[in-house]
Amino acid sequence: MPGVPLRGLIVDYGGVLTDGPDLLDAVRRARARGVSTALLTDAHTVPDGYAGLFDVMALGSALGVRKPDPEVFRRVAARLGLGVEDCVVVDDAAANVRGARDAGAVVIRHRDPATTVAEMDILLDLPPTTG
């Protein structure tokens, strides 16, 4: 439906969340706004403290399928209680972005923090940052 913000956010770790504090802040703002959040990464570990930012954490091959297979995006969305079409997926790898798009998600290909955060703000209807 036009005008209805998306309700889920699925974010990659390496190459996205490792690209500066503005991206972590965007995840915090999304979660505070009621957006369900998931971390989906091929990494097997992430820094302490990340678990508190996400409703779902899918590391490595924990779901039995890995990126860029479209099925992994569907499974993560289902764990959030959403359809994949209700989710924004943020990833820096072209193959993963294609896989998420093929699954039916709205995608943001991360290239730089300012652009990614601006796109997240629009798609998730987040309030502007202050400061």
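Throughout, read-outs are computed from the coordinates displayed, never taken from laboratory work. What you are looking at is a predicted structure, and each value in this text was computed from that prediction instead of being measured. Positions of Cβ are generated from backbone atoms using ideal geometry, with glycine treated the same way; all protein chains shown enter the neighbour counts.
Would you confirm, using the coordinates I've provided, whether residue 129 is of a type in the set (Ser, Thr, Tyr) and buried (at least 19 other Cβ atoms within 10 Å of the Cβ)?
no
Look at the stretch 22-33: where a residue is under 15 Å from residue 123 (Cα atoms) and a partner is part of a helix (DSSP H, G or I), sitting 6+ places away or on another chain with Cβ atoms under 6 Å, you get 23/17; 23/113; 26/117; 26/120; 27/53. Filtered by the rule that a residue be closer than 14 Å to residue 6 by Cβ and acidic (Asp, Glu), the stretch 98-131 gives 119, 121, 125. Among the numbered conditions (1) surrounded by 14 or more Cβ atoms within 10 Å (Cβ to Cβ); (2) more than 11 Å from the chain's Cα centre (by Cα); (3) not acidic (Asp, Glu), the only one that residue 32 does not meet is (1). Restricted to the stretch 26-131, the set of helices (runs of 4 or more DSSP H) holding at least 2 residues that are in contact with a strand residue (DSSP E or B) (Cβ under 8 Å, 6 or more places away or on another chain) and within 18 Å of residue 15 (Cα to Cα) comprises 94-103, 113-123.
Within the stretch 81-131, how many residues turn out to be closer than 17 Å to residue 17 by Cβ, in contact with a Lys or Arg (Cβ under 9 Å, 6 or more places away or on another chain) and among the charged types (D, E, K, R)? Of the residues in the stretch 81-131, 3 are closer than 17 Å to residue 17 by Cβ, in contact with a Lys or Arg (Cβ under 9 Å, 6 or more places away or on another chain) and among the charged types (D, E, K, R).
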